[in-house]
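The structure under discussion appears below in the form of structure tokens.
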Ligand SMILES: C[S@@+](CC[C@H](N)C(=O)[O-])C[C@H]1O[C@@H](n2cnc3c(N)ncnc32)[C@H](O)[C@@H]1O
């Protein structure tokens, strides 16, 4: 049985559309914390010029394999285990790294490891795309995000919605220069960074 995340069904088309200009050039993209893999499968299906590598913790691999094998796409290789706190990326020449709904789900230590891993994975001038909810100037951007944050912190003290400016500052430590932020449906954002040559 393939796991299905309803929010992915709602958000996958706007995310794919927003990423489209960055994917036009093709090349290999690495996804961190793929979850069910729905975003990657959807994007790989629309963008045959891009090879998309799904990754996540070992516990997510059965679900990822189910989505990947059913998709049967030549540009979607089998998923690999990648815990950003334990191992580095599978390669160092990716054109892009994408991660969705991870930064609020994990604590700062893991966010730091995720940014380091993304930077190590990217070729010079490669793109990092981070999608999810962010606070702005210390404030929630919606009541829904405040409720989500309370739920996250109850589950794991260290997790919670991060301030966009803090993530941008942390990314800069790993040579990931902030380029632009795009408002997305349901009070989410797509942050784009470029790896300094
Ligand atoms: C809220 S889910 C998001 C999944 C998917 N990207 C989505 O948008 O539905 C957060 C994901 O982060 C992954 N994750 C948590 N800690 C991680 C780590 N140390 N390394 C890699 N992935 C991690 C989880 O396994 C989970 O799949």
Order of 119, 142 under a 10 Å beta carbon neighbour criterion, fewest first: 142, 119
How many angstrom lie between the C-alpha centres of segment 4-66 and segment 120-197? 18 Å
Return 84, 103 ranked ascending by Cβ neighbour count within 10 Å, so the fewest neighbours appear first. 84, 103
If a/c stays under 1.5 just call it rounded; otherwise compare a/b with b/c (prolate if a/b is bigger, oblate if not). Do that for segment 30-78, with a ≥ b ≥ c from the square roots of the Cα gyration tensor eigenvalues. prolate
dims of the chain, Cα set, principal axes, largest to smallest, nearest Å -> 43, 42, 32
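Given the DSSP H assignment, sum -39500 (n - 2.57) over each helix run of at least 4 residues in the chain and divide by its residue total; what's the result at 222 nm in deg cm²/dmol, nearest 500?
On the way: 6 runs with 74 residues, N = 197.
So the calculated ellipticity at 222 nm is -11500 deg cm²/dmol.
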Computed lengthening from residue 6 to residue 81, 0.36 nm per intervening residue step minus Cα-Cα distance: 24.7 nm
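Sort segment 1-118 into rounded, prolate or oblate with this rule: let a ≥ b ≥ c be the square roots of the eigenvalues of the Cα gyration tensor; rounded if a/c is under 1.5, and if a/c is not under 1.5, prolate when a/b is larger than b/c, oblate otherwise.
rounded
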Please give the FRET efficiency for residue 169 paired with residue 58, using the beta carbon to beta carbon distance and R0 = 22 Å, rounded to the nearest 0.05. 0.10
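Values quoted throughout were computed directly from the atomic coordinates according to the rules given, and no laboratory measurement underlies them. Remember, predicted model here, so these are calculated numbers, not experimental data. Virtual Cβ from ideal backbone geometry, glycine too; neighbours counted across all protein chains shown.
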